[in-house]
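The values are calculated or read from the model by the stated rules, or taken from the named source; none is laboratory data. Predicted, not measured: the structure shown is a model, and the values here were computed from it. Heads up, the Cβs are rebuilt from the backbone with ideal geometry, glycines too, and the neighbour counts pull from every protein chain shown.
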Amino acid sequence: MRRLVILGAGTAGTTVANKLRRRLAPDEWRITVIDHDRDHLYQPGLLFVPFERVPTPLLKPRRSLLQNGVQLLIGEISAADADRKAVRLADGGVVGYDYLVIATGTTPRPDQTPGMLGPEWRRSIHDFYTYEGAFAVRDALRTFSGGRLVVHIVDQPIKCPVAPLEFTFLTEAYFRGRGMRDQVEIVYVTPLDGAFTKPIASRYLGRLLDERKIVVETDFLVERVDAERKTLVSYDEREIGYDLLVTVPLNMGADFLGESGLGDELNYVPVDKHTLQSKAHPDIFAVGDANDIPTSKAGSVAHFAGESFAENFCQYVDGRAMTHRFDGHANCFVETGDGKALLIDFNYDTEPLPGQYPFGRIGPLSLLRETKVNHWGKVAFRWIYWHLLLPGRRLPVPTLMSMTGKHRPDEEVRP
Amino acid sequence: MTVVTLGDTRLHIDSEGFLTEYGEWTDELAGQLAAQLGIELTDEHWKAIRFLRTDYLSRGETATLRRVSTVAGIPIKQLFVLFPGKPAKKMAYVAGLPKPRGCV
């Protein structure tokens, strides 16, 4: 039997396991997925937790999301030994492989910023990218009596890079809804030089922040949090005070990757951006947020990349040349509050542009424009995620980015 | 992309003034680019610039501040002293490399 081992049963690992199980003969291939716990978290749902009256269930057993014929092993991974082709577990177990797919994602690391963890963590300092964190933010917003609320990003790259903006828009709408917007000053603090990474989208989103009277503090790279004085301090010694801080901690890949010599300075695995094959070890691939490709760390990327990856992987293990090239396609709904959202669609070469998606003039979704239909698209995505995306089925949208329906703004277009 | 002439040399730059041709950069040019930013290059500046140039050759992209700090051992705080305000951009500019993508 040939052995494929997949590390991580999150969005990318689950999708890839299911896609490959259908393509690789069961009597020739054993597929083993290793994860450290039993439940799969619907991460896009975390954003809504602070604002929902009744929480929607976000967890499902990983086992139920993997096809029969995929082995699931629960255990803490302590090392990946590329020379011996083996994965070591914290309990002493060793799992040998012929091919390894790394899908251990990226994780918020509040421990990487001095002063962030401590007595004020989850009291006046919060994060919303974790299950516990999202519920703590909900409670903090409900009891917030007014003052300065700071939404903050430590550094790039982060997973779902639009989520901090969405959180900011939803928070603004939330306090407006409670009739206390004038008692809450909202400040958006970013290490970037604008609201978003790509110029045209940054302009649109910056304008939305402006209209909502949200102050944007740019080029702010935090050195430490002074939790006692409730102040963010940057490397160039600027200070921003807060009453309530909702931060996005530094995101890093799994520590064992750095320790095993497979990761870069943030523990991301350097791969070829078109095939996701490790640059150092040809029998290792890294999919989803765990790799270093220059596109968003997002579930949509894991999905779009999964399609060409599965085809390439089958060619590779047959000794053939890999002929499919991933283009960096990403697609993100951006909730803007009041039951509306906008949508961005882009890849390595084309930044998010205005227009209609995915069917040209018919839409029905609008790019870089706030609409209610976009919001319902985002809501519907939850069903798509569990029932189409994770099982590794095709979605009714192109896998590679298409220019259909997109146009370059010749001048400043009102969103 | 634009072509500009600096002294006797023709340079290819993008819309923000970053060099687009790796080979057009020289030590002397670095000094001139730094001077435009009001920076006088010291040995410490050069350590960062040399690292950026070498790292770009092997990885094909401009190192982030965190990478310079972790791999080259120059603390981020010091990079802010050497290239005040926007160190990642300023370093790339002086080193003749593309603006760091920072994020996507």
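Odds and ends about this structure:
- For region B:53-68, the candidate set comprises residues that are surrounded by fewer than 18 Cβ atoms within 10 Å (Cβ to Cβ) and either in a helix (DSSP H, G or I) or modelled with pLDDT of 95 or more (or both); within that set, the residue that is nearest to the chain's Cα centre (by Cα) is B:Arg53.
- For region A:170-184, the criterion of being within 14 Å of chain B (Cβ to nearest Cβ) and modelled with pLDDT of 95 or more is met by no residue.
- Any hit, region A:204-222, residues being within 14 Å of chain B (Cβ to nearest Cβ), assigned to a strand (DSSP E or B) and within 16 Å of A:Ile158 (Cβ to Cβ): yes
- Members of region A:45-77 that are assigned to a strand (DSSP E or B) and of a type in the set (D, E, K, R): A:Lys60
- With respect to the conditions (1) within 14 Å of chain B (Cβ to nearest Cβ); (2) within 19 Å of A:Pro110 (Cα to Cα); (3) among the basic types (Lys, Arg), A:Arg238 falls short on a single one, namely (2).
- Total residues in region B:69-104 satisfying the condition of being part of a loop (DSSP other than H, G, I, E, B) and either facing chain A (nearest Cβ under 10 Å) or not β-branched (Val, Ile, Thr) (or both): the figure is 17.
For every residue, the table says whether it meets (1) under 28 Å from A:Phe167 (Cα atoms); (2) hydrophobic (A, V, I, L, M, F, W, C); (3) touching a residue at least 40 places away in the same chain (Cβ under 8 Å).
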{"position": "A:Arg212", "(1), (2), (3)": "yes, no, yes"}
{"position": "A:Val216", "(1), (2), (3)": "yes, yes, no"}
{"position": "A:Gly261", "(1), (2), (3)": "no, no, yes"}
{"position": "A:His281", "(1), (2), (3)": "no, no, yes"}
{"position": "A:Ile284", "(1), (2), (3)": "no, yes, yes"}
{"position": "A:Gly288", "(1), (2), (3)": "yes, no, yes"}
{"position": "A:Thr295", "(1), (2), (3)": "yes, no, yes"}
{"position": "A:Glu307", "(1), (2), (3)": "no, no, yes"}
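- Checked against (1) without any contact (Cβ under 8 Å) to a residue 60 or more places away in the chain; (2) surrounded by fewer than 19 Cβ atoms within 10 Å (Cβ to Cβ); (3) not β-branched (Val, Ile, Thr), A:Leu66 meets all criteria but (2).
- Out of A:Gly328, A:Gly360, sole residue that is modelled with pLDDT under 90 and either within 17 Å of A:Ala298 (Cα to Cα) or not charged (D, E, K, R) (or both): A:Gly360
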